[in-house]
Amino acid sequence: MHQPHAEPRRSIYYRYQVFDAWLPSMHPGPQRHAVVIAGAGPIGLVAALELARHGVKCVLLESERQVSEGSRAIVFTRRSMEILQQVGVAHRVTQNGLPWRFGNSVYRGQRVFRMEAPHDPDDRFFPMINLQQQYLEEYLVDAVRANPLIELRWGNRVNAVTQDGQGATLDVDTPEGPYTLQTNWLVAADGARSGIRSMLDLKLEGASYEGRFIIADIRIDLPLPTERLAFFDPDWNPGNTILMHREPHGIWRVDYQLPPGEDAEAALKPESLKARIDAQLAMIGHAGVPWAMDWCSVYSARALTLPDYVHGRVLFTGDAAHLLPIFGVRGANTGFQDAQALAWRLAFVVKGLAAAPLLAGYSSERVGAAREIIDEAGKSTRFMTPPTRGFRLLRDAVLSLSLSEPFVGPLYHWRTSRPHEYRDSPANSAGDDNALFQAGPGHGAPPQNVRLGADDHLLDHLDHCFALLYFTEDAAVPDALTEVVNELRAKGLPLRVIAVGSAQPVAGADDTLADADGHLRVRYGVLASGAAYLLRPDQHVCARWMGLDATRLRAALVNAAGLNKEV
Ligand SMILES: Cc1cc2nc3c(=O)[nH]c(=O)nc-3n(C[C@H](O)[C@H](O)[C@H](O)COP(=O)(O)OP(=O)(O)OC[C@H]3O[C@@H](n4cnc5c(N)ncnc54)[C@H](O)[C@@H]3O)c2cc1C
């Protein structure tokens, strides 16, 4: 019988809430659902909220009865915030998180590189915001609990999965014993050690790195700004790397690499942790400042992905689909993009709007993203933890040179998480004018946000629908376009028309953005009225035209949405 922890986890700054377990005896009746999500980590929660935006119900099974232990992911990117805005929790993250945009690399006591993440006046969110993962999960859980389309079952652990062409059958264990549940689609969001991955006998591809890090969260009052600090080859930990991040609630994250061969258990002993954290504090000029340990863990970098995220009726997402090194803040940030890319397609399939092959596009886009990240992450991980003598020599040469040559510094700034551009996605329109544009987001790119006024941005106007941004100064959208829009809407396609460029509401549009100074048009490379962008429900661009006509609009929508042939 599954007995999840009933005691709240311990923390010196976060109060864990233990939720009642969902018990089968209290809910008699057949258990068949359209979608079940296994795992209510950040990615399962976002996937559930995204599905609900499309009107699709789901059951969310969570083995534990409280949110996850320790701070874990602490840096969320601008793109994550844009996704979290869609599911309704971005404002709570902004209220409680610490925004930042600078990173400092220090070698032999000297700052050798200062990274500045671009921050455009058009952006609503900072490039990065620090917040402990428990808080984010709490906000998402609150949103899920307020949503009548999502049933969150705490204390329900998936123990076995079998599937056939119609769906999957799950054996679920609870604190009062097991029950069986059937679903047409199972989303596996059960994290890095995904039991569902093992049950299906699936293997991850990629590399595991030898360097191990201690991750420690301490409460301490340090008079330092919220900026990332990276220390290379410090005296107290020769040859290794230390990272420091400020977190909300007076907490600092200290990550330090362990010398090769050191036993992880010994390294987690209080005396070892104390000596090293004291040494780090002394090195940055804050020796003797009192601190208290909240949470610590040992971590080693892995860069692995499943080669396919769709296995019959089981769809993998988040850490269950891939394991990415934390340097470059990729774990959760990548997973949010998975959840978003999956949910709209799954919703279309569940609603019968599109056939199952639409899901292959999810897999190809997100496996491509994971592989690109793994490639980049390999470089940063090799720099942080050189795997061979040769890599170490090269790394040390770069570090030494950086003391006198400023041009070297950027060589060891690793690329942080960024949204993938699905340039080769089958969802992109073959017959559009993508190649003719000189500016604006291209095929497969996420949209550029644009400030329209005080507390008003372009992305605030997008929702769960396909969005046609139609640039016009006329009083109405042309009839031929409106006919296509109405025809496809009548078939169930969620589609929103946003007219850009007119001071008055445009007939046939759901929303009109005046764009009085033409700024949006310039950013999107639009030269004349009649141009248009088509954004998918996950906001990525799938078509753009210098001059739109009804035939090309229809073809682009049918292709991107994978609409069933009879449409
Ligand atoms: C020690 C540590 C430190 C980290 N630090 C960082 C960091 O600094 N930055 C960063 O970006 N990322 C970090 N990560 C990674 C980040 O936490 C993950 O990328 C992120 O949590 C992935 O979310 P997920 O929802 O896919 O998986 P998870 O958050 O792991 O959630 C999976 C959920 O599934 C549940 N579950 C598991 N099995 C079952 C089952 N059989 N049935 C039902 N439910 C099940 C689990 O209880 C859990 O709630 C860290 C991870 C760890 C472990």
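Using mean Cβ contacts within 10 Å as the protection proxy, how do 315-326, 77-88 order, highest first? Don't skip to the answer; put the middle values down first.
Values: 315-326: 27.0, 77-88: 23.5.
Highest to lowest by the protection proxy: 315-326, 77-88.
Of the lysine pairs in the chain, how many meet both conditions: Cα atoms under 26 Å apart, and a spacing of 8 or more in sequence or different chains? The partial results should precede the final answer.
On the way: Lys57/Lys351; Lys57/Lys491; Lys57/Lys565; Lys203/Lys379; Lys351/Lys491; Lys351/Lys565; Lys491/Lys565.
Final tally of qualifying lysine pairs is 7.
Using amide H atoms built in the peptide plane, which far-off residues or other-chain residues are under 5 Å from Leu323 H to H?
Excluding prolines and chain starts, which carry no amide H, the hits are Leu304, Thr305.
Is the chain rounded, prolate or oblate when judged by the Cα gyration tensor, a ≥ b ≥ c being the square roots of its eigenvalues, rounded requiring a/c under 1.5 and prolate requiring a/b larger than b/c? Mind showing how you got there, number by number?
Numbers: a/c = 1.93, a/b = 1.29, b/c = 1.50.
Here the chain falls in the oblate category.
Provide the descending list of Cα extents for segment 274-325 along its principal axes, expressed in whole angstroms.
58, 19, 14
Would you please classify the overall shape of segment 514-566 from the alpha carbon gyration tensor, given that a ≥ b ≥ c denote the square roots of the eigenvalues, rounded means a/c under 1.5, and beyond that prolate means a/b larger than b/c while oblate covers the rest?
Numbers: a/c = 3.40, a/b = 1.95, b/c = 1.75.
Since a/c reaches 1.5 and a/b is larger than b/c, the shape of segment 514-566 is classed as prolate.
If you roll a 1.4 Å probe over the heavy atoms of the protein chains, what accessible area per residue do you get for segment 72-225, in Å²?
Working: 6380 Å² over 154 residues.
In whole numbers, segment 72-225 has 41 Å² accessible per residue.
For n ≥ 4 DSSP H runs only, could you compute -39500 (n - 2.57) per run for the chain, divide by its residues and tell me the 222 nm figure to the nearest 500?
Values: 13 runs with 154 residues, N = 567.
Per the formula, -8500 deg cm²/dmol.
Compute the distance in nm between two label points, each set 7 Å from the Cα along the Cα-to-Cβ direction, one at Gln504 and one at Arg111.
Calculated label separation equals 5.5 nm.
Per residue, what accessible area does segment 422-567 have, given a 1.4 Å probe and all protein chains present, in Å²?
Working: 5950 Å² over 146 residues.
Per-residue value: 41 Å².
Could you give the nm distance between label points at Phe102 and Leu401, where each point is 7 Å from its Cα heading toward the beta carbon?
A separation of 2.7 nm, rounded to one decimal place.
R0 = 22 Å: FRET efficiency of Ala356 with Thr162, Cβ-based, nearest 0.05? Display every interim value, and only then the final one.
Values: r = 19 Å, r/R0 = 0.85.
Using R0 = 22 Å, I get an efficiency of 0.75.
Sticking with the crude label model, points 7 Å out along Cα→Cβ, report the distance from His119 to Val522 in nm, one decimal please.
2.2
Please compute the per residue accessible area over segment 339-396 with all protein chains in place, 1.4 Å probe, rounded to a whole number of Å². Spell out each step's value before the answer.
Numbers: 2130 Å² over 58 residues.
Here the residues of segment 339-396 average 37 Å² of exposed surface.
Given axes a ≥ b ≥ c from the Cα gyration tensor, I'd like to know whether segment 455-525 is rounded (a/c under 1.5), prolate (a/b larger than b/c) or oblate.
Numbers: a/c = 2.24, a/b = 1.44, b/c = 1.56.
It is oblate, given that a/c is not under 1.5 and a/b is not larger than b/c.
Using a Förster radius of 51 Å, what is the FRET efficiency between Asp460 and Asp235 based on their Cβ-Cβ separation? Nearest 0.05, please.
Values: r = 50 Å, r/R0 = 0.97.
E(calc), rounded to 0.05, equals 0.55.
Once neighbouring chains are kept in place and the probe is 1.4 Å, which whole percent of the accessible area of the chain is contributed by carbon and sulfur? It would help to have the intermediate numbers written out before the result.
Numbers: 11770 of 22760 Å².
Accessible surface attributable to carbon and sulfur in the chain totals 52 percent.
Can you compute the FRET efficiency between Ala476 and Ser272 using 1/(1 + (r/R0)^6), with r the Cβ-Cβ distance and R0 = 60 Å? Round to the nearest 0.05. Don't skip to the end; give the middle numbers.
Values: r = 72 Å, r/R0 = 1.19.
Efficiency for this residue pair is about 0.25.
So if I take the centroid of the Cα atoms in segment 531-567 and the same for segment 121-149, what is the distance between those two points in Å?
30
Between Arg32 and Asp424, 0.36 nm times their residue separation minus their Cα-Cα distance comes to what? Show your work: numbers first, answer last.
Details: separation 392, 0.36 × 392 = 141.12 nm, distance 3.68 nm.
Between Arg32 and Asp424, full extension yields 137.4 nm more.
The values are calculated or read from the model by the stated rules, or taken from the named source; none is laboratory data. Note that the structure is predicted; figures quoted are calculated from it, not measured. Quick reminder, even Gly has a Cβ in these numbers, built from the backbone with ideal geometry, and neighbours come from all protein chains shown. Note: accessible area is taken over every heavy atom of the protein model, side chains too, but ligands, DNA and RNA are not part of it. Shrake-Rupley method; radii C 1.70, N 1.55, O 1.52, S 1.80 Å.
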